[in-house]
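Data first, discussion second: the structure below is written as structure tokens.
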Amino acid sequence: MTKWTLSNKQLFLFLFILQTGTVFISVQSRVIKAAEQNSWLIFIAVSLFHLFILHIFNKYYKYFQLNKFEKWLYQIYWYTIVVTFLAYIDFILEVWAFPQTPAYIVISLMVIVSLYANLSKYAVALNISVILIPFIVIFLAMLSLATKDLIWTNLFPFGQIDSKQWIDGVGQTMYAFIGIEAFLILRPFVEDKKELKFRSIALYQLILTLFFVITILYVLLFFSLEEIKIIPVTIMYLLKSQEITFLQRLDLFFTYIWMTWSVISVVLFMFLGLSLYKTMYTRSIKFTVFIHFLVSILPLFLITRELVKKSHDILMYGHYFFGLLFPLFIMLKGWRKSLREKKV
Amino acid sequence: MKKKFSIILLVTVLLSGCWDERLNKNIVSVPMVAFDGEVGHLKGYYGLPGKQRNTTEYSYITVDGTSIEDLRQKVDLQVNEGIDLSKLSSILISDELAEKELYHLLDQYYRNARNRLNTYLLVTEGDPEPFIKFGEKMGDDVNNYYSELVQGFIHKSVFPNIDLQLACSYLMDEAIDLTLPYVKISSENGVPEVVGLALFDGQKFTGKTLNHVESLLLQVMKDKIGKYANVSYIDNEVPVSFRINRIKRMMKWEGTTITIDYRLKVGIMEYYENHLLDENRKKKLEKFIQEKMTSDMEKVVEILHESNTDALGIGRIARAFHPDVFKEKKWKEIYPTLTIIPKVQVEITDTGVLD
């Protein structure tokens, strides 16, 4: 496998785009539907749990040694995520921006970007997220336009969380942390391996949490709960309702930002899968082209409201297994193996 | 390899715009629509400004249909091009129609991503056709005539800033009720004029309205005034006009009795008795204004209670902080049992260039 490294900042930017891309426009309504005024509290609780997971990952990543079968499992998981995300992206674009454009054109366009990035040098995929930094700022600025319309009483009452809200809220919040296992894949490639302190991880998790909590609060304070029940993509709807003199449809402008964001997250997931593939086989160009062809075909069978929703629901269970349980199991296995080796 | 990819990428990017291209020459923009009748037997009026539909003159189309979408499709059949509602600036609804479920009329506008959410809603006294017909006299203002009218009155603190999106929010939230601009055709000159605010009880127009002075007071009571909030009274045959510069609102809840204290800072705009540096005269005038405003606010509360319109959003505060008073799905029964007492304290902080 080709030697490559990345800095702490590259690692966290990679993770941020991977975890926010695609899902950040829909996670708010999912969480609020499940936990109402307590949604942001539950999000913070789940985020703290993931901070703990990241800390464990950082401490024991050396034991995360995948065998060939496990590598294939992870690849299948990530390619499935990509297929699901592409179907979702096209579904949203069809509703909001391109109702007439054939799905295969939109999906091919997105997949071509990924193919290009993954056939190029590693640096392309690792650094492509940089172009999103100004978009993150623009998105938050666009969101802030709604500040004057927020109804602060919508925040209350909060604090009394019943068991149903906990179960549903935690389940829906997990959606925002899909891709956390990428940390384990990328961590060995960080320059100065010993230098990744808990403080840096906590800061990253704080930024990610703030990003999501801000969007959840804006949605919660802007819409009534009854409205949120019928609007699946609340952020888009919120921006659509904002009027600025120089741009008639803010939502459309945001759609393009989100599309870019999502395409890059697709690039990153494909990069993860292909980087594992490259650890097993030296020749990878044909496979790279083949897998991109496959992920551009499969979403075409999923682009209906019901299938998009169902496939997203299934992804949450994928995260429970591939993001949390499986890595912990592999690290435990690796740790026991190292103990055995030490004894020998 | 890279060159090939670059070409493919470029070609695909160029292609993606073709299918969803909507040229202005192929569509007819509708800036205002009006509805009358009832769902199942609706009548729609679509204003079509000049310089499109092969005409330079303003015209409007009248159609009958069962639903808002049905009306739209029927209008589509009457124009060579497709009609485009993405620039719709105002929707006028007859008072009779507004007395039915309002959301039933608006669903189509929320559902379509191309529709604007900043469109203003107005309730008309009687048949809305003359309001659309009046487009013939609007000249270049036809695209934004009613929306600018509403915006003007938002600045004057007579109307709340409620557009299509916010109306949906109000309609779906039982803890607050909607108020919409109420307009009529002047019997003197046939020009659309503002009456005040139409009061809603849940989804339905109650048939009760506030005049424009009461509407302004309602915005003051909500602490949501626009750029200007000017009030005029007569104090012992001396006119006194003032603008409200600042409002501080505090609510005290004692069981089902809510006392709302308003502390207003006002600037005198007209008072020919002058000498407002004289502390006694100033206090006397302040007392007059606060008594008058308190009694006027009490009248507004009475009207709101009669129509069961929680325009002040008392329900939202109850839901947030008084769970003993607020009960889900029961607020419309609880609200009329509340006693709301407004109390006004006025401080004159500005007298213009004269004392």
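Looking at the structure I just gave you, is A:PHE321 hydrophobic (A, V, I, L, M, F, W, C), buried (at least 19 other Cβ atoms within 10 Å of the Cβ), within 22 Å of A:LEU86 (Cα to Cα) and out of contact with any Leu (no Cβ under 6 Å at 6 or more places or on another chain)?
Details: hydrophobic (A, V, I, L, M, F, W, C): yes; buried (at least 19 other Cβ atoms within 10 Å of the Cβ): no; within 22 Å of A:LEU86 (Cα to Cα): yes; out of contact with any Leu (no Cβ under 6 Å at 6 or more places or on another chain): yes.
Answer is no for this residue.
Is there a residue being of a type in the set (S, T, N, Q), assigned to a helix (DSSP H, G or I) and at negative phi anywhere in the range B:294-313?
yes
I need a count of the residues in the range A:213-242 that are in contact (Cβ under 8 Å) with a residue 40 or more places away in the chain, assigned to a helix (DSSP H, G or I), of a type in the set (Ser, Thr, Tyr) and at the interface with chain B (Cβ under 10 Å from one of its Cβ atoms).
Of the residues in that region, 0 qualify.
Check the range B:239-255 and report whether any residue there is within 26 Å of the chain's Cα centre (by Cα), of a type in the set (D, E, K, R) and farther than 19 Å from B:SER215 by Cα.
No: zero hits.
Select, from A:PHE91, A:PHE43, the only residue that is under 18 Å from the mean Cα position of the chain (by Cα), under 19 Å from A:TYR320 (Cβ atoms) and in contact (Cβ under 8 Å) with a residue 60 or more places away in the chain.
Sole residue among the options that is under 18 Å from the mean Cα position of the chain (by Cα), under 19 Å from A:TYR320 (Cβ atoms) and in contact (Cβ under 8 Å) with a residue 60 or more places away in the chain: A:PHE43.
Can you tell me which residue within the range B:91-106, out of those that are of a type in the set (A, V, I, L, M) and under 16 Å from the mean Cα position of the chain (by Cα), is farthest from B:GLU69 (Cα to Cα)?
B:ALA98
Give the residue that is farthest from A:TYR256 (Cα to Cα), with candidates limited to residues of the range A:112-125 that are facing chain B (nearest Cβ under 10 Å) and not polar (S, T, N, Q).
A:LEU119
Just one of (1) farther than 23 Å from A:ARG305 by Cα; (2) within 23 Å of the chain's Cα centre (by Cα); (3) away from every other protein chain (no Cβ under 14 Å); (4) assigned to a helix (DSSP H, G or I) trips up A:LYS164, so point out which.
(2)
Hey, among A:ILE17, A:ILE32, A:ILE76, A:ILE44, which residue is surrounded by fewer than 17 Cβ atoms within 10 Å (Cβ to Cβ) and over 30 Å from A:LYS337 (Cα atoms)?
Just a single option satisfies the conditions, and that option is A:ILE44.
What are the residues in the range B:320-355 that are within 25 Å of A:GLU36 (Cβ to Cβ) and assigned to a helix (DSSP H, G or I), if any?
Answer for the range B:320-355, where residues must be within 25 Å of A:GLU36 (Cβ to Cβ) and assigned to a helix (DSSP H, G or I): B:ALA320, B:PHE321, B:TRP331, B:LYS332, B:GLU333, B:ILE334, B:TYR335.
Can you tell which of A:VAL106, A:VAL95 is buried (at least 23 other Cβ atoms within 10 Å of the Cβ), within 14 Å of another protein chain (Cβ to nearest Cβ) and of a type outside the set (Phe, Trp, Tyr)?
On the way: A:VAL95 fails: buried (at least 23 other Cβ atoms within 10 Å of the Cβ).
After applying the criteria, what remains is A:VAL106.
With the range B:173-292 as the region, which strands (runs of 3 or more DSSP E) entirely inside it contain at least 1 residues that are within 17 Å of B:VAL150 (Cβ to Cβ)?
By residue number, B:179-185, B:192-201, B:204-211.
Give the residue, chosen from B:VAL33, B:VAL75, that is crowded, with 18+ Cβ neighbours inside 10 Å, modelled with pLDDT of 95 or more and over 30 Å from A:MET259 (Cβ atoms).
Working: B:VAL75 fails: modelled with pLDDT of 95 or more.
Every option except B:VAL33 fails the conditions.
Please go through (1) among the hydrophobic types (A, V, I, L, M, F, W, C); (2) within 28 Å of B:GLU21 (Cα to Cα); (3) part of a helix (DSSP H, G or I) for A:ALA35 and return the number of the only condition it doesn't satisfy.
Condition (2) is where A:ALA35 drops out.
I'd like to check something: does the range B:138-151 contain any residue that is of a type in the set (Ser, Thr, Tyr), more than 14 Å from every other protein chain (Cβ to nearest Cβ) and outside any helix (DSSP H, G or I)?
no
Can you list residue pairs whose Cβ atoms sit under 8 Å apart, with the first residue in the range A:312-340 being touching a residue at least 60 places away in the same chain (Cβ under 8 Å) and farther than 14 Å from A:GLU70 by Cβ and the second being loosely packed, with under 15 Cβ neighbours inside 10 Å and not hydrophobic (A, V, I, L, M, F, W, C)? Count only pairs 6 or more apart in sequence or on different chains.
Correct list of pairs: empty, since none qualify.
Tell me which residues, restricted to the range A:2-32, are outside any helix (DSSP H, G or I), within 23 Å of A:MET174 (Cα to Cα) and more than 8 Å from the chain's Cα centre (by Cα).
Answer for the range A:2-32, where residues must be outside any helix (DSSP H, G or I), within 23 Å of A:MET174 (Cα to Cα) and more than 8 Å from the chain's Cα centre (by Cα): just A:SER26.
Restricting to the range A:167-188, what's the tally of residues that are charged (D, E, K, R) and assigned to a helix (DSSP H, G or I)? First the steps, then the outcome.
Taking the range A:167-188 first, the residues charged (D, E, K, R) are A:168, A:181, A:187.
Within this subset, residues satisfying the condition of being assigned to a helix (DSSP H, G or I) are A:168, A:187.
Adding up the residues that qualify gives 2.
If you take the residues in the range A:259-291 that are under 19 Å from the mean Cα position of the chain (by Cα) and within 14 Å of chain B (Cβ to nearest Cβ), which one is farthest from A:THR22 (Cα to Cα)?
Going through the qualifying residues, I end up with A:VAL267.
Are there any pairs, at least 6 apart or on different chains, whose C-beta atoms fall under 6 Å, with the first in the range B:317-333 and more than 10 Å from every other protein chain (Cβ to nearest Cβ) and the second small (Gly, Ala, Ser), and if so, which?
Short answer, once both residue conditions are applied: B:VAL325/B:ALA318; B:TRP331/B:ALA175; B:TRP331/B:GLY315.
I'm trying to understand the selection: among the residues of the range A:133-170, which are surrounded by 14 or more Cβ atoms within 10 Å (Cβ to Cβ), out of contact with any Phe, Trp or Tyr (no Cβ under 9 Å at 6 or more places or on another chain) and under 17 Å from A:PHE43 (Cβ atoms)?
A:ILE161, A:GLN165, A:TRP166, A:ASP168
The values are calculated or read from the model by the stated rules, or taken from the named source; none is laboratory data. Small disclaimer: the values here were computed from a predicted structure and weren't measured. All Cβ positions, glycine included, derive from the backbone under ideal geometry; neighbour counts span all protein chains shown.
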